[in-house]
Amino acid sequence: MSDIAVEALDTQTALEAPSRTAIALVTLALAVGSFGIGTGEFVIMGLLPNVADTFGVTTPEAGHVISAYALGVVVGAPIIAVLAAKMARRTLLLLMMAIFAAGNISSAFAPTFESFTALRFITGLPHGAYFGVAALVAASMVPVHRRVRAVGQVMLGLTIATLIGTPIATFLGQLLNWRAAFMMVGAIGLATMLLIALFLPKDRVEEGASIARELGALKRIQVWLSLGVAAVGFGGMFSIFSYVATTTTEVAGLGTAMVPVVLALFGIGMNVGNIVGSRLGDISIKGTIGGMMIFNIVIMTLFSLTAANPIMLCICVFLIGCGFAACPAVQTRLMDVAADAQTLAAASNHSAFNIANALGAWLGGLVISWGFTAAATGYVGAVLSVAGLAVFAVSVGLERRTGRA
């Protein structure tokens, strides 16, 4: 896109844009929803033993509910985005939050393990569609050169959830009952619905919107390549994070009391990365994605080499969390390359991230099962980051060859 075109879009946006207060209130409403989804997704990890005791299953068996939720995200994001192609974004956001709130509240009253697992799958369905549509709404309210920052502000709810929401919900679940934690998450969902209803103006369905148009995203090679960057390139972060507690105690030799501290450092890193990466993305989306992939390769390799040193472990875990900096840029790039099929592409990004989660955790566990220490997950992460960088290089190369900006 030329400088003249960007300037013209900025001028038009400035004339049509809502007030700063209105933008802040909408962003707050959307971020609260992100906070609720992030809290609900991760809180189960700290409450698995409690869930297992309630339903009389083993902890590994209880872990199937995590997979059920992730499957719901992967399946739900593209299906909902396509089926809701002719639905106004405000209406769709309210519907997604209604399903999310109902799913969590129902989870709190699940009578059997089978019903609980099914409800976690249902609760995961609106996850990707919510984030995708929320990102589109946030980006539409600001000038072109501030889009990545707007997307990052919505995602800030997710990163804050890892630092504050999940620990609080976990503590509540352990203090009272794991069911109370899901009631809390459901309440956040209801609060989000109220905030969206109050602050997000009613909108009309875009002209020409249709299921066929959204499905057109699947014909665009750049959409698939961008999803590939997310699905492969970010698997390394999940590979390390999935086994960071084991690395902390068995490799660095720290006590179990230090595990929450190390996890908190990862959460702080994610928040710092989100804020810094959003600003970098508004300067250069491609530069931010490529640069952070290289950053991840270096830091994840360093993690494996130095994990036995407690100080270096803490530094590296923080910096690995900072790798989240590329996420707002990847989300925005997907919106760009999707052209007029943005909803499907934006929603599918979170399906890709859940694939990255599953891929990273599986490969990390595979390496450990071969007899390597948990520190070797850093090498797994570095290899996945190299693969993500390669996919991104193909994307940029193809884009230059076809003459598209």
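The values are calculated or read from the model by the stated rules, or taken from the named source; none is laboratory data. The model shown is predicted, which means the values in this text are computed figures rather than measured ones. For neighbour counting, all protein chains shown are included, and Cβ atoms are generated from backbone atoms with ideal geometry for every residue, glycine included. Ligands, DNA and RNA are excluded from the accessible area calculation, which covers all protein heavy atoms including side chains. Shrake-Rupley method; radii C 1.70, N 1.55, O 1.52, S 1.80 Å.
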(request) Per residue of the range 178-186, in order, report the coupling 6.51 cos²θ - 1.76 cosθ + 1.60 (Karplus, θ = phi - 60°) as ³J(HN,Hα) in whole Hz, putting x for Gly and Pro. (result) 4, 5, 5, 5, 6, 5, 4, 5, x
(message) Please compute one quarter of the surface area of the Cα convex hull for the range 60-185 and express it in square nanometres.
(response) 8.5
(request) Calculate, in nm to one decimal, what Met45 and Thr58 gain on full extension: separation in residues at 0.36 nm each, minus their alpha carbon distance. (result) 3.3 nm
(request) Let me have the relative contact order for the range 110-214, percent, based on Cα pairs under 8 Å that are six or more residues apart. (result) 11
(message) Testing the spin-label approximation: label points 7 Å from Cα along Cα→Cβ at Glu114 and Val276. State their distance in nm.
(response) 5.0
(request) Using +1 at the Cβ of each Lys and Arg and -1 at the Cβ of each Asp and Glu in the chain, identify which of Phe241, Ala257, Ala98 lies farthest towards the dipole's positive end. (result) Ala98
(message) Rounded to whole Å, give me the distance from the Cα center of the range 59-91 to that of the range 243-319.
(response) 28
(request) With unit charges on the beta carbon (Lys/Arg positive, Asp/Glu negative), name the residue among Leu319, Gly290, Asn349 whose Cα is farthest towards the positive pole of the charge dipole of the range 275-405. (result) Gly290
(request) Set the Förster distance to 30 Å, then compute FRET efficiency between Leu28 and Ala180 from the Cβ-Cβ distance, nearest 0.05. (result) 0.75
(message) Can you work out the Karplus-derived ³J(HN,Hα) for every residue in the range 113-118? Use 6.51 cos²θ - 1.76 cosθ + 1.60 with θ = phi - 60°, whole Hz, and x for glycine or proline.
(response) 5, 5, 5, 5, 4, 5
(request) Find how many whole Å separate the alpha carbon centroid of the range 133-193 from the alpha carbon centroid of the range 350-369. (result) 23
(message) Taking 0.36 nm per residue of sequence separation and subtracting the Cα-Cα distance, how much length would be gained by fully extending the chain between Ile294 and Met312, in nm to one decimal?
(response) 4.5 nm
(message) Using each residue's phi in the range 68-78, evaluate 6.51 cos²θ - 1.76 cosθ + 1.60 at θ = phi - 60° and report the 3J(HN,Hα) Karplus result to the nearest Hz, with x for Gly and Pro.
(response) 5, 5, 4, 5, x, 5, 4, 6, x, 4, x
(message) Can you sort Ile99, Ile196 by solvent-accessible area, 1.4 Å probe, largest first?
(response) Ile99, Ile196
(request) Report, ordered by chain and residue number, the lysines lying within cross-link reach of Lys286, taken as a straight Cα distance under 30 Å and ignoring same-chain residues fewer than 8 apart. (result) Lys219
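Rounding to the nearest 20 debye, state how big the charge dipole of the chain is about its Cα centre with +1 on each Lys and Arg Cβ and -1 on each Asp and Glu Cβ. Please list the in-between numbers first.
Details: 20 positive and 17 negative charges, 108 e Å.
It comes to approximately 520 debye.
With the full set of protein chains in place, find how many percent of the accessible area of the chain is carbon and sulfur; take the probe as 1.4 Å.
70
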(request) Could you sort 270-280, 169-179 so that the peptide with the highest average Cβ count within 10 Å comes first and the rest follow in order? (result) 270-280, 169-179
(message) 7 Å from Cα along Cα→Cβ at both Glu399 and Ala98: what's the point-to-point distance in nm?
(response) 3.8
(request) Please report the relative contact order for the range 266-405, taking Cα pairs under 8 Å with a sequence separation of at least 6, and give it as a percent rounded to a whole number. (result) 33
